Amino acid sequence: MKYSSRIFRGVSVVAIVGGTLLSVVNSSSGTTPPMYGALSNFDVFNDTGQITHGFEVELDGISPANVLYEFGAPYERYGNPTVTSVHGGLDTLITYASPYDAAAGWQVGTPIPAAISTTMGHECWTGGSTSYATLGCEHFGFSLSANPTNVIYNWLIADPAHAGHLVAGSSTSTGLPILAPSWNVQPQPNNAPPKVQAVVIAPETDGAGLCGDAVWVKVFMNQAASKASLGHLMSGDKEVPTKADASSKGSNGAQSGSEPLLIQTGGQCSADNGSVSSQIQSELQLSKSSLSVVRRYEFYKYTGSYDSESHEALSEALGTMGTLTGNQMVALNLNQGAALDLAPPTVTITTTSPGTTKLKTLSVTFSAKDNVSKTFTFFCSLDGAIPKLCTSGLKLAGLSVRTHTLSVYASDQAANASKAARLTWKVTT
C-alpha cells in the first residue's frame with residue numbers, strides 16, 4: 001500500500017488534538033502554577049459517500065517525537081497507525097490505513113453509515129457497540145507533548161487513478177471540522193483551585209480573504225473528584241458529561257448554555273462585528289475537590305446559505321443545523337492525587353499451537369497481568385479480522401483449510417492495551 005497525502009495549509013487552530021498539553025498562565029500574585037495534563041479522543045462519521053480505507057491527522061509544527069500515544073489496536077479496524085515526519089520535518093502525519101493486496105484489494109474499510117446519530121464520543125470502537133463493524137464511524141485519539149500550530153483531519157479513500165494509493169476524501173484543504181480546544185489554566189492566589197478555560201476556534205478558510213465553513217457546536221462539561229483516564233472517556237461512565245456547559249459563550253457575546261452555537265472564522269468573519277462567532281470560550285472555577293475537567297463537543301454540519309462573495313453564513317437559525325459529523329472528548333487532569341495507571345498489561349496465550357492438524361475446531365485459553373489492574377477485557381482477531389470482545393476458552397469452529405493466526409489483546413481498567421499475543425497453526429485436508 002502506498003499513501004499519497006495532500007499538503008494542507010491555512011488552518012489557524014491553536015489546539016491540543018488528541019492529547020496533551022495546554023497553556024498555563026501565572027496569576028497576578030506570582031503563584032507558581034502546578035503541572036497539568038490533558039487527553040482527548042473522538043468519534044467521527046464517514047461522510048464521504050463511499051467506503052473509506054483510512055484516516056489521517058496532520059499536526060503542523062511538531063515532530064513525531066512529540067506524539068506520545070496513539071489510539072490503535074485492538075480498538076479499531078485499522079490497527080496501530082504510522083507516525084511520520086512530513087514537509088521537510090516541519091510537520092507530523094498520523095496515518096491509519098487498511099492493508100492492501102494487489103489481488104484482493106483493500107482489506108478493511110469504514111462503511112457508509114445507514115444513519116448518523118449522537119454517539120456520546122465513545123461508541124465507534126470494537127468495545128463500544130456490537131454494531132461497530134457496520135456503524136460507519138471510527139474512534140481515534142492520541143497524546144502530544146507539544147501544541148501543534150495547525151491540525152487537519154481527513155478520511156482516506158482509494159485513489160481511482162493509482163491502485164493501492166490513498167488520497168484525502170475531503171474536498172477542502174481544511175479537512176473535517178472535528179475541532180479540539182486549547183486549554184488555559186490560571187492558578188489563583190491563596191492556594192485556591194485554578195480557573196480552567198477551553199477555547200475552540202472555527203475552521204479557517206481555504207481561500208484567500210473568504211470566511212471558512214460554518215460549524216454548529218454543542219458543548220457539555222463535567223468536573224470530577226477523580227482523574228480522567230482513557231478508559232473513562234471510552235466507557236461512557238459518570239465522567240462523560242451529558243449536561244450542557246452553561247459557561248460556554250461565543251466570542252461575539254452569544255451565550256451557548258443549553259443551545260447549540262454556530263461558529264465561523266476567516267476573512268471578514270473574524271471580526272465578530274455582531275455576526276457569527278469565530279470561537280467558543282468556556283471558563284470554569286474548579287471546586288476544591290475536583291481533580292479533572294471533562295468536556296464533550298458535538299459538531300454538526302451547517303446546511304444554510306452562504307454569501308456568494310464572502311462565504312459568510314447567512315442564517316443562525318437552528319433549522320440550519322444538519323447531521324452530526326463527530327464528537328470530541330477532552331479531559332484535563334490536575335497534577336495531584338493518585339497517579340494514573342499508564343502501564344499496558346501483558347497477555348499470554350496458554351494454549352499450545354497444534355502445528356499442522358486436520359481438526360477444524362480449536363479451543364484457546366489466555367490470561368493477562370499487570371501491576372495495577374486485577375480484571376481485564378480481551379479482544380480476539382482471527383486472520384486479520386476486526387477484533388471482537390472475547391473470553392478465555394474461546395472456541396473456534398468451521399476453520400478452513402489454510403494457515404490461521406489468532407491475535408489476542410488485553411485491555412486493563414484504564415484502557416491501556418497490550419501488544420498482541422499470537423497463535424499460528426495450519427489446517428490441512
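Listed values, structure above:
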{"item": "Among 296-305, 410-419, 95-104, the order from most to least packed when residues are scored by Cβ within 10 Å on average", "result": "410-419, 296-305, 95-104"}
{"item": "Exposure proxy order (Cβ contacts within 10 Å, fewest to most) of Glu309, Glu204", "result": "Glu309, Glu204"}
{"item": "Dipole of segment 346-427, positive direction: furthest Cα of Asn416, Val401, Phe379, with charges on the beta-carbon", "result": "Val401"}
{"item": "Label zone at Val86 (point 7 Å along Cα-to-Cβ), backbone N below 11 Å, segment 136-154", "result": "152-154"}
{"item": "Measure of compaction for segment 346-427 (Cα Rg per 2.2 N^0.38 Å)", "result": "1.11"}
{"item": "Rh (Kirkwood; distinct C-alpha pairs) - segment 140-205, Å", "result": "15.3 Å"}
{"item": "Whichever aspartates and glutamates have a C-alpha closer than 18 Å to that of Lys227, once near sequence neighbours (fewer than 8 apart) are set aside", "result": "Asp237, Glu239, Asp341, Asp412"}
{"item": "Cβ crowding within 10 Å averaged over residues, with 80-87, 163-170 ranked highest first", "result": "163-170, 80-87"}
{"item": "Relative intensity, log₁₀ I(q)/I(0), of segment 65-150 from a Debye sum that treats every alpha carbon as a point, q = 0.10, 0.17, 0.24 Å⁻¹", "result": "-0.33, -0.85, -1.18"}
{"item": "Pairwise centroid distance, computed over Cα atoms, of segment 389-429 with segment 100-118, Å", "result": "22 Å"}
{"item": "Relative contact order of segment 346-427, pairs being alpha-carbon contacts under 8 Å that are 6 or more residues apart, as %", "result": "38 percent"}
{"item": "Given charges at beta-carbon only (K, R positive; D, E negative), |dipole| of segment 346-427 in Debye", "result": "300 debye"}
{"item": "Calculated FRET efficiency for the pair Ala161/Thr356, C-beta based, R₀ 30 Å, to 0.05", "result": "0.10"}
{"item": "For segment 134-172 and segment 315-358, distance of Cα centres in Å", "result": "18 Å"}
{"item": "Mean Cα-pair separation over length for segment 60-132, i.e. relative contact order, pairs under 8 Å, 6 or more apart, %", "result": "25 percent"}
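Only the coordinates and a few stated rules stand behind these numbers; no lab work does. Everything numeric here is computed off the predicted structure, so don't read it as measured data. Every residue, glycine among them, receives a Cβ derived from its backbone with ideal geometry; neighbour counts consider all protein chains shown.
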